[in-house]
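> Just passing along the structure, written as C-alpha cells.
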Amino acid sequence: MKNQSLTKHIWHALRDNFLRGLLVVVPIGVTLWIVQFVYQLINEPSDQVLRWLISHSWLPGSDYFREHHGGTIPGGGFWVTLIFVLLVGIGVGNFLGRTIVKAVDTLFLKIPLVKSIYQALKQTMHAVQEMSGEGSAMKFNQMVLVPLLENHGTAICAVGFVTGRVKLTEEDEYCSVFLPNSPTPVTGFTLLIKRDALIWEHGLSVEEGLKFIISYGLATTLRKTTDVVPHAES
C-alpha cells in the first residue's frame, strides 16, 4: 500500500510539473515559431530577387556576399519587402497610384477563383484596420455584453463591440454591435440592438475583450468598476 501511495504521489508530482512546464514552454515556443514564420514569409520573396541580382553581379559587393553569405544579404529581403510596402502605401495616396490599384481590383474581380480569394483578403485587411483604428475607418469604441438568453435567473451573454448608433424611432436608440467569432475576431456578424438591452458595466476594455475572444476566454482580466458607461450620443 505504501509503495502504491508513493508511486501515485510521484506520478502526480511529475504530471503537475510537466503541465507547469507546458504552460511556460508552449507560449514561448509558439510565439517564436510564429515570429519565424512571419519573418520567412516577408523575407523570402525579396530574398530570391536579391540572390538573382547578386548571382549576376548587379549589386555592389556581390562578390563579397557570394563568398561569405551564400549569395544573399542576411535580412536584406525582410527590409526590402518592408520598404516596398511603404512605397506602395505612399504611391496609392496619389491619383496615379489609386488608378493603378483600381485597375488591379477590376482585373482580379473578373477572374472567378482569384475573385473570391482577393475579396476575402481585402475584407480581412479592412477589418484589421477597423480594429486598430488606423486611417479613416471607425474603430471599435466600446465593448459590451449582449444578453442572449436567461436560464433560471442566469444570463448567458456574448461579447460584442459597438461600432455605431442609430435612432430608428423617436423613443428607441439602437447600437450596431459586432459579434466576433473566436479565435478570429475579424469575422463575425453585426446586429442592431436596443441600447438599453446591452450590458455596459462589465469591467473589460476593448483590448481586453479582443484578448478574451482570441484566447477562447483564457486571457481575462476582470475588475470591479463602475467607470464603463455608454458613450454620449454624438
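The values are calculated or read from the model by the stated rules, or taken from the named source; none is laboratory data. From a predicted model like this one, the values you see are computed outputs, not experimental measurements. As a convention, Cβ positions derive from the backbone with ideal geometry for all residues, glycine included, and neighbour counts pool all protein chains shown. Please note that ligands, DNA and RNA were not included when accessible areas were found on the heavy atoms of the full protein model with its side chains. Shrake-Rupley method; radii C 1.70, N 1.55, O 1.52, S 1.80 Å.
Here is a yes/no grid of residues against (1) in contact (Cβ under 8 Å) with a residue 12 or more places away in the chain; (2) over 30 Å from the mean Cα position of the chain (by Cα); (3) under 22 Å from MET125 (Cβ atoms):
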residue: VAL26; (1), (2), (3): no, no, no
residue: ILE34; (1), (2), (3): no, no, yes
residue: LEU53; (1), (2), (3): no, yes, no
residue: GLY70; (1), (2), (3): no, yes, no
residue: GLY75; (1), (2), (3): yes, no, no
residue: LEU82; (1), (2), (3): yes, no, yes
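> Out of curiosity, is THR106 part of a helix (DSSP H, G or I), open to solvent by less than 70 Å² (accessible area, probe 1.4 Å) and out of contact with any strand residue (DSSP E or B) (no Cβ under 7 Å at 6 or more places or on another chain)? I'd like the intermediate steps shown before the answer.
Numbers: part of a helix (DSSP H, G or I): yes; open to solvent by less than 70 Å² (accessible area, probe 1.4 Å): yes; out of contact with any strand residue (DSSP E or B) (no Cβ under 7 Å at 6 or more places or on another chain): yes.
When the stated conditions are applied, THR106 passes them.
> For the stretch 182-190, does any single residue satisfy the condition of being under 30 Å from PRO27 (Cβ atoms), assigned to a loop (DSSP other than H, G, I, E, B) and at pLDDT 80 or above?
So far as the stretch 182-190 goes, yes, one or more of its residues are under 30 Å from PRO27 (Cβ atoms), assigned to a loop (DSSP other than H, G, I, E, B) and at pLDDT 80 or above.
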